[in-house]
Number of protein chains: 2
Amino acid sequence: MTFVRKFELYGNTDQAQNFLETAKSGKFLFSFVISYTETCEVPGITFAGADKDSIPFTPPADAEYLHYGYCKTIDNIPMTPDGKPTPGVLTKSALESASIPHMTINAGSKILPQLPFLETGLSFGKNISAQNAMTDYQVSRAVDYGRIVGRNMASLTDCLVIGESIPGGTTTALAVLRALGFDAKVSSSMPDNPVELKNQIVNSALKRIDSDHPYSIVSKVGDPMIPFVSGMLSSASNVSNVMLAGGTQMTAVLAFASKIGFNLNNTSIGTTSYITNDKSANFVNLVEQIADIPIISVDPGLKNSQYSGLKAFSEGFAKEGVGAGGSIISSMLKTGNDSTKFLDLAEKEYHRLSTSL
Amino acid sequence: MTFVRKFELYGNTDQAQNFLETAKSGKFLFSFVISYTETCEVPGITFAGADKDSIPFTPPADAEYLHYGYCKTIDNIPMTPDGKPTPGVLTKSALESASIPHMTINAGSKILPQLPFLETGLSFGKNISAQNAMTDYQVSRAVDYGRIVGRNMASLTDCLVIGESIPGGTTTALAVLRALGFDAKVSSSMPDNPVELKNQIVNSALKRIDSDHPYSIVSKVGDPMIPFVSGMLSSASNVSNVMLAGGTQMTAVLAFASKIGFNLNNTSIGTTSYITNDKSANFVNLVEQIADIPIISVDPGLKNSQYSGLKAFSEGFAKEGVGAGGSIISSMLKTGNDSTKFLDLAEKEYHRLSTSL
């Protein structure tokens, strides 16, 4: 029961113990899926990116930062003017300290990252408050390509960790969850979750639904990330362990993946305690409604940080993203580090980033 | 010495024995690099593709065939009207029988494949008989991105096998080899090697060379595949074993890679006996001039085939391509198969392909 001190376990806790026990001696591969929904262009919906024009650059900038330690498509460091960094800081600290390899996958980002990445040819999603996100054909292609990529990547590792970056993605996730019949309250990248605005968008989007076929639902009110990552999970979970690394968006993936089928025995979801403790959402309960899988939550220990920018995560800012929670869990499993040690690594990286040009 | 029966060893044969001994119990990953040089549009230079207009489709079509078992960007099966198949038939039979995963990498193909692939953003090369292949900046970017991809992929396996498809690539390879000071006679995809025509193109290209800097040489008379795969080799050989799978083109890679540095101890080149026995070329001698590494040659046994289309490989048609030789070597190492067993697998695949619609 040494894990109990590091992680909080929910859902299928027996399977969680087994997973943690076997994963620690195996290999991890982190896949970072970047995507886009024009839903994020509704004013006030997301904090990912300083302003409307810069939002599409957030996913590729995060991919570049993970890879190079700085961004290429934007000039700035990925941090707000008052020093709140991208959650990628946590992901990068986690992956590097454990030498976990990672690969960026483009599943509909509006802007391409300036690094080698896995290309799927998927288009970004349309604004669901105004029109359908994509065609049924595009959903089907996203699932097919996801299956190909998932099988491929899972064959190269023992545990495939899947993180994502899609600005506005909690809103499309909420719409898909509601349309699939789940009572979802979703987290936000902002401390004051714009619940009213999200509900307004979701309600108008749900009016367009005229079929309970899951492909039709995702095409009308989803985004490209959801069917793509669901396809990945579907094939990868038959080959290796898979950890969905994220909060609300990954519950929408789980809900859609349940419709196309995946191997529950090899699947877990990993996130931060900022998500599992978020009173405005119902993450644990939601996952338990959807699938009997392990839910693993880690406290990154940032409330003890000397830097207010890192401390902000523990106060409701961002909470999760860029697969931070799952990356930290993987990293702690592989290195044996605890949150005190992780905080030290994250502070070093934060210091490097905030003092770089 | 059980390998002696299956493979012919040249170059650093001690290291070859060590490689074969350790590789057989490890994991393989096959990376298929597709690219393009407009040099292939010179009439009579290549057999890859039935006519000028179809040549650019050959690399993506091969990638699709490897992946799906049929092509998507072209309607036909990848076979000449008289039944000569793509060397991809050998690669596919080899990889599938040994469950070796593979990934397509686009390093300047004119046409994108219809499957998920690793994207580098590199442009195709210009016709070296008329102008410089690319800019120095493009060469440098190809090397940089190659290094990133190589390090990444090598971290996921024990032996990274690198194959390529670039129509017209033997001509640019010849030009780079000559410019780097090697006395090269290169193989061709046609039984009657159009040596005169190649020499004519190479000689006119070499006139543009005004510096002995390797980047300048490749930018003037090379193609995007050469610096990209050299970058891959450079980083990957510090992480895992690497086998360059190919003939003439891979000697140009070795020559350029020698200038940017790579780990000789982890590097080998694997090809078919149709290349090492080709009297119109000097493959073994050329590799020995360039680098003290193992040269592993396999006889796929196709001269005993009941199908004239497969037999054609042993009579000088294609000889190699799509990393066939290195894939067969990897496959035999992993499965323990010999050429008789491999011929059986290749014939089954040939039969399936030639009777498919």
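One table, with the values for the structure above:
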read-out: Qualifying residue in the stretch A:101-120 (condition: over 21 Å from B:PHE117 (Cα atoms), touching a strand residue (DSSP E or B) at 6+ places or on another chain (Cβ under 7 Å) and either within 10 Å of chain B (Cβ to nearest Cβ) or not acidic (Asp, Glu) (or both)); value: no
read-out: Residue in the stretch B:124-140 that is nearest to the other protein chains (Cβ to nearest Cβ), counting only those that are in a helix (DSSP H, G or I) and within 25 Å of B:GLN200 (Cα to Cα); value: B:VAL139
read-out: Number of positions in the stretch A:188-245 that are in contact with a Lys or Arg (Cβ under 9 Å, 6 or more places away or on another chain), of a type in the set (A, V, I, L, M, F, W, C) and over 22 Å from A:PRO167 (Cα atoms); value: 3
read-out: Number of the exception - B:LYS52 against (1) in contact with a helix residue (DSSP H, G or I) (Cβ under 9 Å, 6 or more places away or on another chain); (2) closer than 18 Å to B:VAL242 by Cβ; (3) surrounded by fewer than 16 Cβ atoms within 10 Å (Cβ to Cβ); value: (2)
read-out: Criterion violated by B:PRO85 - all others in (1) within 14 Å of chain A (Cβ to nearest Cβ); (2) touching a strand residue (DSSP E or B) at 6+ places or on another chain (Cβ under 6 Å) satisfied; value: (1)
read-out: Options A:ALA142, A:ALA130; residue that is on the phi < 0 side of the Ramachandran plot, among the aliphatic types (A, V, I, L, M) and buried (at least 21 other Cβ atoms within 10 Å of the Cβ); value: A:ALA142
read-out: Candidates B:SER273, B:SER297, B:SER327, B:SER308, filtered to the one that is under 24 Å from B:ILE105 (Cβ atoms), polar (S, T, N, Q) and out of contact with any Lys or Arg (no Cβ under 8 Å at 6 or more places or on another chain); value: B:SER327
read-out: Filter pass, A:LYS259 being at negative phi, among the basic types (Lys, Arg) and crowded, with 24+ Cβ neighbours inside 10 Å; value: no
read-out: Selection from the stretch B:316-357 of residues that are more than 29 Å from B:GLU21 (Cα to Cα) and under 19 Å from the mean Cα position of the chain (by Cα); value: B:GLY316, B:PHE317, B:ALA318
read-out: Count of residues meeting criterion [at pLDDT 95 or above and at positive phi] in the stretch A:146-180; value: 0
read-out: Selection from the stretch A:145-183 of residues that are surrounded by fewer than 24 Cβ atoms within 10 Å (Cβ to Cβ), among the aliphatic types (A, V, I, L, M), outside any helix (DSSP H, G or I) and within 14 Å of chain B (Cβ to nearest Cβ); value: A:LEU156
read-out: Residue match in the stretch A:324-343 (condition: among the charged types (D, E, K, R), more than 18 Å from A:ALA184 (Cα to Cα) and assigned to a loop (DSSP other than H, G, I, E, B)); value: yes
read-out: Residues of the stretch A:66-123 satisfying the condition of being crowded, with 23+ Cβ neighbours inside 10 Å, over 16 Å from the mean Cα position of the chain (by Cα) and in a helix (DSSP H, G or I); value: A:SER93
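The values are calculated or read from the model by the stated rules, or taken from the named source; none is laboratory data. Model, not experiment: these values are computed from the prediction. Cβ: placed from backbone, ideal geometry, glycine included. Neighbour counts: every protein chain shown.
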